[in-house]
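One structure is given here, and the rest of the page talks about it.
The values are calculated or read from the model by the stated rules, or taken from the named source; none is laboratory data. For clarity, every value in this text was computed on a predicted model and none was experimentally measured. Counting neighbours? That spans all protein chains shown, and the Cβs are built from the backbone with ideal geometry, glycine included.
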Amino acid sequence: MAQSSFSAESAGLLRWPGGSARCALGRGGVTPAAVKVEGDGASPIGIWPIRQVFWRADRLPRPETALPVEALIPEAGWCDDPASPFYNLPVLLPFPMSHEKLWRDDSVYDLIVVLGYNDTPPVPGRGSAIFLHLARPDYSPTEGCVACAKDDLLALLKIAQPGDALEIAR
């Protein structure tokens, strides 16, 4: 897997069946899911099922994977407003409540793996949009997601199967 330098505040380890990789974690460090709060910037420690993959077809070829894959569109968003009935769900933009835009100018969301955190059903305020995505070159902290090198993420997706889960650990 790819080798990189990591800052102490965002250094983490992502594990999956048959592999592991260094990753960048949230700017708020890590936190147990039981105390995770929307906007805390922390990545939730635990084992989370892999739900689906989004990718920017204008920037990358379709990833090799047995997981459900969907091409992002410019109107793709994700609701992060605890007051919304669409909290922690994908939405189409424009969207009147607080949301994250998935079609970004930088490359971090060129490949997104949706993790099954706080989604069955979503509990308002317990955290939303917990993704595995591409790390910035300096592995700076995320807003609460997990980020790794493109080669690592592509290697994971190549062996991932429906029903697999990932572990976020420090």
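Strands (runs of 3 or more DSSP E) fully within the stretch 74-134 that include at least 3 residues being free of Cβ contacts under 8 Å to residues at least 60 places away in the same chain: 76-79, 90-92, 99-101, 131-134.
Let's see how each residue does on (1) in contact with a His (Cβ under 6 Å, 6 or more places away or on another chain); (2) among the polar types (S, T, N, Q); (3) at pLDDT 95 or above; (4) more than 16 Å from residue 153 (Cβ to Cβ):
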| residue | (1), (2), (3), (4) |
| --- | --- |
| 15 | no, no, no, no |
| 19 | no, no, no, no |
| 47 | no, no, no, yes |
| 50 | no, no, yes, no |
| 61 | no, no, yes, no |
| 64 | no, no, yes, no |
| 69 | no, no, yes, no |
| 72 | no, no, yes, no |
| 87 | no, no, yes, yes |
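Taking (1) within 26 Å of residue 62 (Cα to Cα); (2) among the hydroxyl-bearing types (Ser, Thr, Tyr); (3) out of contact with any Phe, Trp or Tyr (no Cβ under 7 Å at 6 or more places or on another chain) in turn, residue 98 satisfies each apart from (1).
I need the full set of residues from the stretch 16-62 which are of a type in the set (D, E, K, R), surrounded by fewer than 17 Cβ atoms within 10 Å (Cβ to Cβ) and assigned to a strand (DSSP E or B), in order please. Walk me through it before giving the result.
Taking the stretch 16-62 first, the residues of a type in the set (D, E, K, R) are 22, 27, 36, 38, 40, 51, 56, 58-59, 62.
Now drop any that are not surrounded by fewer than 17 Cβ atoms within 10 Å (Cβ to Cβ), which leaves 27, 51, 58-59, 62.
Residue satisfying the conditions is 51 alone.
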